[in-house]
Structures are given as structure tokens and as C-alpha cells.
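**Q** Attaching a single structure in C-alpha cells format; questions to follow.
The values are calculated or read from the model by the stated rules, or taken from the named source; none is laboratory data. From a predicted model like this one, the values you see are computed outputs, not experimental measurements. Note that each Cβ is placed from the backbone with ideal geometry, even for glycine, and that neighbours are counted across all protein chains shown. Keep in mind that these areas ignore ligands, DNA and RNA; they rest on the heavy atoms of the full protein, side chains included. Shrake-Rupley method; radii C 1.70, N 1.55, O 1.52, S 1.80 Å.
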Amino acid sequence: MPNKQDIREFSLNQLEDYLEQKDEKRFRANQIQEWLWKKSAYSFEEMSNLSLPLRNMLAEDFVINSLKEDFMQESEDGTIKMRFKLFDDNLVEGVLIPSKTRVTACVSSQAGCSLDCRFCATGFMKLKRNLFAGEIYDQVVLLTKKSIEAYGKPLTNIVFMGMGEPLLNYKNVLTAIDKISSVNGLNISAKRITVSTSGIAKLIKKLGDDGVRFELALSLHSANNLKRSKIMPINDSNPIQNLVEALNYFQEKTGNKITFEYILFDGFNDSEQDARELIELCNKVPAMVNIIEYNTVEGVSYKKSSEKKREAFVNYLEQNGVITKVRLSRGKDIDAACGQLANK
């Protein structure tokens with residue numbers, strides 16, 4: 001029912017107060033939270049250590065707006081894309097990326113996106129709404145189950161690189177990460193979680209003030225303000241010099257690793273001059289660079305750089321002391337690769 005609140009939106013204290021008003025013991029709140037966040041219960045019926053009258057009362061007053069698997073595709077390279085249906089029929093996508101040593105889940109933080117990056121399919125969808133913490137958590141639960149089923153092992157890493165800008169859903173993303181990483185939740189180490197942002201300086205500083213334990217990736221794609229603004233309008237209000245200050249503040253406060261994500265576009269940001277500007281930036285912010293292969297998006301004119309240009313760019317960075325990794329595309333054939341998530 002629309003007028004019922006999702007019980008997962010209640011804090012422990014709020015649940016305790018609710019139970020007290022109903023003449024129930026406050027400690028039951030801990031039991032309820034354990035069912036919700038550690039055992040991933042999707043119904044009150046499952047909460048077997050609560051009395052039947054209490055379960056009925058909870059069902060009358062609350063809902064659990066859980067995610068449902070809506071559609072799944074498997075790539076020829078083993079990547080799996082899952083589409084999830086939210087309680088209001090909005091759709092989001094998550095991706096499982098297996099390798100020899102790890103299984104990475106890519107999760108979404110918003111249905112759609114408001115940032116309009118010129119190369120990303122999700123940006124064309126526009127923003128429908130922010131996801132609730134429970135909906136972000138559910139993606140991890142369902143992707144973990146699918147990982148065990150498909151690959152015989154659970155997730156090792158989580159990246160917030162799916163649909164949406166995580167920092168524009170700040171509270172829900174941090175609450176979800178807390179539940180995912182807590183010993184009272186899924187107990188996945190925060191050090192194995194990376195949040196990728198397009199770069200909102202004041203919120204990067206806030207992450208530092210909040211002492212977060214996860215790692216941060218900046219979706220950079222050019223170390224030149226004019227070029228970056230051309231493909232990422234968010235750069236107009238958050239230019240590179242502001243991001244440098246914010247990222248250094250974040251690192252000073254948390255000691256956490258920073259990664260620059262850099263998609264190479266043919267003839268746009270893949271020259272030696274572009275590499276020099278990126279090296280200058282890495283001298284200002286201690287960071288490693290992830291070079292990402294671009295994936296074709298319908299209606300977008302940008303193309304990926306040639307292998308030869310990519311090798312030259314990477315070699316130049318490495319010769320100048322920048323730790324660089326190349327991330328080749330996975331799941332291109334099912335539109336599961338970087339920048340392709342659009343509920344097609």
C-alpha cells in the first residue's frame with residue numbers, strides 16, 4: 001500500500017520507539033533489523049523468532065519494498081546483466097563481472113541519471129528517482145545469489161558504477177554501504193567497495209568529513225577543463241581545480257585510495273598532450289588511472305581509440321610514473337559494458 005512505509009527506512013531507534021508505543025519489548029527491534037539486513041528477509045512471515053501477533057502487526061503497519069529480478073542476459077564472456085523491477089515499476093540494472101580471482105558487482109544508485117554526460121546511455125534516460133537504501137542493498141543480495149549460482153562463488157568486490165550519480169543520492173548510498181559492510185549486515189569489507197562519481201566537489205569533501213572507509217573513483221575522461229566540460233556538463237560547476245582540492249581533502253581525512261577513470265575517445269582525449277595533462281593532474285592528486293575501453297552507444301558520435309593509440313597513451317603514463325591499469329570491456333554484446341546501461 002502506498003501509505004505504508006518501508007520498514008527498512010526506520011533506524012534502530014525509530015523501531016525501538018515504535019515497539020514501545022505498541023507495548024512490545026524494545027529488544028525486538030534488534031531481531032527485526034537482523035532479519036532485514038543480515039538474513040535479507042523479504043516478508044514478515046519469515047521472522048520466525050517473533051510472535052505471530054507481532055508479525056501481523058508489522059505487516060499491517062509496514063511493507064518491505066524488495067527488488068524483483070525482471071530480466072537477465074548472459075554475455076559470451078561470462079558477464080551477466082540483471083534488470084530489477086522496483087516496487088513502483090521503475091527499472092534499474094546491475095552487472096556481474098567474473099574474472100579468475102574475483103567477481104565484481106556493478107550496482108545502480110538511481111533510476112536514470114540527471115547529469116547528461118554526452119557519451120553515456122543512462123544519461124539519455126533522464127532521472128526517474130533516487131533508489132532507497134534497501135533497493136541498493138537488494139541489488140547486492142540478488143547479484144550475490146546469481147554469482148553463487150553462475151560461478152560457484154560469492155561477490156568479492158562492489159562498484160557503484162551502474163545507473164546514476166551516487167553522490168546525488170548521498171544519504172541512501174551511505175546507508176546502503178553501511179548495511180552491506182556491517183557485521184550486522186552482509187559483512188562485505190568496505191575496502192572492497194568503490195564509489196564512482198562524476199565529481200561533485202562539496203560532496204567529495206563531505207565523504208572526507210564523514211570518514212568513509214570505501215574507495216573513491218573519479219569519472220574523469222579528460223584533465224583539460226574545456227574538453228571535460230564538453231563531454232561532462234557537471235564540470236562547468238565543478239572544474240578540475242575544485243576537484244583537486246576536494247580529492248586531496250578526502251584523501252587527507254580518510255587515507256583511502258583514489259582512482260581516475262579515463263575512457264579513451266578517438267581523436268578527442270587520446271593524444272600525448274592529453275596524457276601530459278593527466279600526468280600533471282596525478283602529480284597534484286596521488287591516484288592511479290584506470291584506462292577504460294569505450295563501448296558504442298546508439299546516437300553518440302564518440303568512438304573508442306585504436307589499440308595502437310591506447311598502448312602509446314598507457315606507455316607514456318607509465319614512463320612518467322603513473323600507475324595505470326587497462327580495463328577492457330566486458331559484456332558489450334548484451335549492453336552491459338561501461339556507459340551502456342539504459343534498460344534497452
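**Q** Which is open to solvent by less than 50 Å² (accessible area, probe 1.4 Å) and in contact with a Ser or Thr (Cβ under 6 Å, 6 or more places away or on another chain), of Leu54, Leu96?
**A** The conditions single out Leu96.
**Q** Consider the range 7-30. How many of its residues are more than 15 Å from Gly185 (Cβ to Cβ), out of contact with any Asp or Glu (no Cβ under 9 Å at 6 or more places or on another chain) and outside any loop (DSSP other than H, G, I, E, B)?
**A** 9
**Q** Return only the number of the condition from (1) aliphatic (A, V, I, L, M); (2) in contact (Cβ under 8 Å) with a residue 40 or more places away in the chain; (3) surrounded by fewer than 23 Cβ atoms within 10 Å (Cβ to Cβ) that Ala105 does not satisfy.
**A** Every condition holds for Ala105 apart from (3).
**Q** So which residues in the range 275-287 are under 24 Å from the mean Cα position of the chain (by Cα) and open to solvent by 50 Å² or more (accessible area, probe 1.4 Å), if there are any at all?
**A** Selection gives Pro286 alone.
**Q** Looking at Leu203, Leu186, which one is assigned to a loop (DSSP other than H, G, I, E, B), open to solvent by 20 Å² or more (accessible area, probe 1.4 Å) and hydrophobic (A, V, I, L, M, F, W, C)?
**A** Leu186
**Q** Report whether or not Phe71 is in a strand (DSSP E or B), more than 24 Å from Ile292 (Cα to Cα) and either open to solvent by less than 50 Å² (accessible area, probe 1.4 Å) or at pLDDT 95 or above (or both).
**A** Against the criterion (in a strand (DSSP E or B), more than 24 Å from Ile292 (Cα to Cα) and either open to solvent by less than 50 Å² (accessible area, probe 1.4 Å) or at pLDDT 95 or above (or both)), Phe71 does not qualify.
**Q** Evaluate the range 117-128: report whether one residue or more is more than 26 Å from Lys227 (Cα to Cα) and of a type in the set (Ser, Thr, Tyr).
**A** no
**Q** Considering (1) surrounded by fewer than 17 Cβ atoms within 10 Å (Cβ to Cβ); (2) closer than 20 Å to Met163 by Cα, say which one His221 fails and leave the rest.
**A** His221 satisfies all of (1) surrounded by fewer than 17 Cβ atoms within 10 Å (Cβ to Cβ); (2) closer than 20 Å to Met163 by Cα except (1).
**Q** Ok, one more. Among the residues of the range 206-218, which ones are outside any helix (DSSP H, G or I), out of contact with any Leu (no Cβ under 8 Å at 6 or more places or on another chain) and over 16 Å from Ala287 (Cα atoms)?
**A** Correct list: Gly211, Arg213.
**Q** Do we find a residue being in contact with a helix residue (DSSP H, G or I) (Cβ under 8 Å, 6 or more places away or on another chain), touching a residue at least 60 places away in the same chain (Cβ under 8 Å), in a loop (DSSP other than H, G, I, E, B) and not hydroxyl-bearing (Ser, Thr, Tyr) anywhere in the range 130-151?
**A** yes
**Q** For the range 1-51, enumerate the residues that are in contact (Cβ under 8 Å) with a residue 60 or more places away in the chain, touching a Leu at 6+ places or on another chain (Cβ under 9 Å) and open to solvent by 80 Å² or more (accessible area, probe 1.4 Å).
**A** Residue satisfying the conditions is Lys38 alone.
**Q** Is the range 154-175 home to any residue that is of a type outside the set (Ser, Thr, Tyr) and over 17 Å from Val195 (Cα atoms)?
**A** Checking the range 154-175: at least one residue is of a type outside the set (Ser, Thr, Tyr) and over 17 Å from Val195 (Cα atoms).
**Q** Can you spot a residue in the range 288-306 that is modelled with pLDDT of 95 or more and open to solvent by 80 Å² or more (accessible area, probe 1.4 Å)?
**A** Within the range 288-306 (the criterion being modelled with pLDDT of 95 or more and open to solvent by 80 Å² or more (accessible area, probe 1.4 Å)), the answer is no, since none of the residues qualifies.
**Q** Could you tell me which of the residues Ser229, Ser237 is surrounded by 15 or more Cβ atoms within 10 Å (Cβ to Cβ) and of a type in the set (Ser, Thr, Tyr)?
**A** Ser229
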